[in-house]
Amino acid sequence: MERGAIPIEECPGGMDLRLTLESGQSYCWRRDDGLMYDGDDGGWYHTVVDGTDPRSAAPAGSGELIRVRQHDGSLEWESTTDAVPHLRRLLRLDDDLDAIIEETPDDPLIEEAYATHRGLRLVRDPPFPCLISFICSAQMRVGRIHGMQVTLSREFGDTLEIDDETYHAFPTPEQLAAASVEELRECSLGYRAPYVRETAEMVASGERPEDALGSAYEDARDRLTRFVGVGEKVADCVLLFSLGYLEAVPLDTWIRSAIEEHYPDCDRGSYRETSRAIRERFGEHAGYAQTYVFHFLRTGGRESEALEDT
DNA sequence: CGCCAGGCTAGCG
DNA sequence: CGCTAGCATGGC
């Protein structure tokens, strides 16, 4: 495997890998020890990325393994390829956190969240895994959403054998579309199983989530809701955590309670209008403020400690 | 046991 | 349009 390191100084505004990968925005990374939300700084995370153009008829098993940990002032990586461009893309290492925080409107809750979890970056997950993982997220806890993605990868994804270790890629649309609803239910998907299957079929037949790119924000959100199991909230998650719409603010139960408590004037009844009001309040990079506030509220304002298991 | 979790769909008025 | 019942599953 190739190896390398990216100094944290090259990440404007800093970087906290554990916060970034365990704050409930990405379900595309695994800890080596199999546990999320536990363990010390310095642990290794890994993911498998497409090694080929997704539009080509790629042969199975063409994925690239990327392993990374934060250690000694840098992001150390090991990979079957040059991981640097992948890490820059997936972890948004070029985002200037200082500038983003500076441009955010003055607000006590946002400022406390930024101060507590400094170094948390948004992610740029691959579109299909992001879409499926947030379809699975409906009425589900963060730890279990992660477990569902692990199971889906193990049951339906390609297998990579590297240095006597076994890694699983997230299943392709074709692989998930070929699964039966019963098989998906056995992965503890519950009533989300038919949603996942039907959406996988749609993507396999050519309607891809990344086709929303280029549309204005609300048009892109409307477009994503064509997928089965995708409403406005899940669409916002895909826009923010995969497609780079940094103004998206997913209105989940935590943010709704924050609106009720801290921004009651932003509650306009409908999702669309409340979304407009809170985006106006949070500024140009509203999605960054949302992600910090979400994690801050979900962890009860604590700086860092073990949260949930599985 | 009841309640809740990064909600959505279908069916109603 | 808006409103709501029903929906699987597991942890506390």
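No value in this document is a laboratory result; all are computed from the given coordinates. As the structure is a prediction and not an experimental result, all values here were calculated from the model. As a convention, Cβ positions derive from the backbone with ideal geometry for all residues, glycine included, and neighbour counts pool all protein chains shown.
Structure data summary
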read-out: For chain A, the Rg and Dmax computed from alpha carbons only, in angstrom; value: 18.7, 57
read-out: At least 24 Å along the helix axis (C-alpha) and Kyte average at least 1.0, DSSP helices within chain A; value: none
read-out: Among A:Ser275, A:Ser26, A:Ser205: highest mean-square fluctuation, GNM of chain A, C-alpha pairs under 10 Å; value: A:Ser205
read-out: Rounded Å value of the spacing that divides the Cα centres of segment A:253-290 and segment A:185-227; value: 24 Å
read-out: Per-selection Kirkwood Rh - segment A:182-310 (Cα, Å, 1 d.p.); value: 16.2 Å
read-out: Mean separation of Cα contacts under 8 Å (6+ apart) over length of chain A, as relative contact order %; value: 21 percent
read-out: Segment A:80-194, relative contact order [Cα under 8 Å, separation at least 6], %; value: 19 percent
read-out: Length released on extending from A:Arg154 to A:Arg89, taking residue separation times 0.36 nm less the Cα-Cα span; value: 20.9 nm
read-out: For chain A, built as a Gaussian network whose Cα springs stay under 10 Å, the top-fluctuating residue of A:Thr299, A:Thr291, A:Thr47; value: A:Thr299
read-out: For A:Ile162, residues with placed amide H under 5 Å, excluding near neighbours; value: A:Tyr167
read-out: Longest exposed-site-free window of chain A, the sites being trypsin sites (Lys or Arg not before Pro) in a DSSP loop that have at most 11 other C-beta atoms within 10 Å; value: A:56-301
